[in-house]
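*Asks:* One structure follows; several queries about it will come next.
The values are calculated or read from the model by the stated rules, or taken from the named source; none is laboratory data. Worth saying up front: this structure is predicted, and the values here are computed from it rather than measured. Counting neighbours? That spans all protein chains shown, and the Cβs are built from the backbone with ideal geometry, glycine included.
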Amino acid sequence: MKTIQPPKLPASYLSTKDFESLLKDDPYIQGYHFQDLLISMCKEPRIHFDGCLFQNVDFEECVFENIDLLDCKFENCDLSNCKFLDGALHRLIFQNCRMMGCDFGGSVLKNITFSHDNARYANFSTAKLSMIHFNEVQLTMSSFNQCVFSKTAFSNCDLKEAEFINTPLKDIDLSSSNIEGITINVENLSGVIVSEAQALTLSRLMGLIIK
């Protein structure tokens, strides 16, 4: 896979402890460093974050519909149950974040690294993912139904009981990840890259009996 483009972060940041006032002034937020904050019940549509750094930020019951996220980094943040519905997300890093139940349904994601995140129960259904790297991410019981993958990699991820229904997996490498109990359409297995042990597991989905 080609190198994922990293976020283009500024050399210096603006700072604020009053996110709500900042948002009321302008939904286009650029070049801010948000640290040790609680952002609660934010449900403004069409917010645009550009060149922002989020560290130790707790997002509580936030709905970011039609969000634009460009050139941002999230470190040690809690994004559990946040909704990024129908958003445009480009050149991002999510590192050591809690993302349980996070919903990216219908979004377009490009040039994004998810690293050492807890994203159990996350939903990516109907999303388009291009140049994405999931690195040691907990994705147990996550949903990737009706997704379009392009140059997407899963490295040492936990995909136990994850769903990939109606999602073609050609050239997707799952060989280093746990796929126990995974749900995949047989017709979408063509071209998927798996280990020998995983091939035996997936053969049961095709009704094969191996002696």
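*Asks:* Where the second residue is at pLDDT 95 or above and the first is among the hydroxyl-bearing types (S, T, Y) and lies in the range 69-93, which pairs have Cβ atoms under 6 Å and are six or more apart or on separate chains?
*Replies:* S80/R98; S80/M100; S80/G101
*Asks:* Let me ask another. Got a sec? Which of E61, E20, E65, E44 is more than 23 Å from V148 (Cβ to Cβ), acidic (D, E) and surrounded by 14 or more Cβ atoms within 10 Å (Cβ to Cβ)?
*Replies:* Details: E61 fails: surrounded by 14 or more Cβ atoms within 10 Å (Cβ to Cβ); E20 fails: surrounded by 14 or more Cβ atoms within 10 Å (Cβ to Cβ); E65 fails: more than 23 Å from V148 (Cβ to Cβ).
On inspection, the qualifying residue turns out to be E44.
*Asks:* Which count do you get for residues in the range 91-125 that are part of a strand (DSSP E or B) and either touching an Asp or Glu at 6+ places or on another chain (Cβ under 8 Å) or among the hydrophobic types (A, V, I, L, M, F, W, C) (or both)?
*Replies:* Summing the residues that are part of a strand (DSSP E or B) and either touching an Asp or Glu at 6+ places or on another chain (Cβ under 8 Å) or among the hydrophobic types (A, V, I, L, M, F, W, C) (or both) in the range 91-125 gives 12.
*Asks:* Please verify whether the range 133-145 includes one or more residues that are in contact (Cβ under 8 Å) with a residue 60 or more places away in the chain, assigned to a strand (DSSP E or B) and under 20 Å from R98 (Cβ atoms).
*Replies:* Filtering the range 133-145 down to residues in contact (Cβ under 8 Å) with a residue 60 or more places away in the chain leaves 133.
Of the ones still in play, those that are also assigned to a strand (DSSP E or B) are 133.
In the following step, the residues that additionally are under 20 Å from R98 (Cβ atoms) were identified as 133.
Looking through the range 133-145, at least one residue is in contact (Cβ under 8 Å) with a residue 60 or more places away in the chain, assigned to a strand (DSSP E or B) and under 20 Å from R98 (Cβ atoms).
*Asks:* May I ask you to say which residue of L14, L37, L22, L9 is more than 28 Å from V137 (Cβ to Cβ), touching a residue at least 12 places away in the same chain (Cβ under 8 Å) and not β-branched (V, I, T)? Write out each step before concluding.
*Replies:* On the way: L37 fails: more than 28 Å from V137 (Cβ to Cβ); L22 fails: touching a residue at least 12 places away in the same chain (Cβ under 8 Å); L9 fails: more than 28 Å from V137 (Cβ to Cβ).
Every option except L14 fails the conditions.
*Asks:* If you don't mind, there's one more thing I want to ask. Taking the residues in the range 79-104 that are charged (D, E, K, R) and under 20 Å from P45 (Cα atoms) as candidates, determine which candidate is farthest from the chain's Cα centre (by Cα).
*Replies:* We begin by selecting, within the range 79-104, every residue charged (D, E, K, R); these are 83, 86, 91, 98, 103.
Then drop every residue that is not under 20 Å from P45 (Cα atoms), which leaves 83, 86, 103.
Values: K83: 11, D86: 13, D103: 9 Å.
Only one residue fits best here, namely D86.
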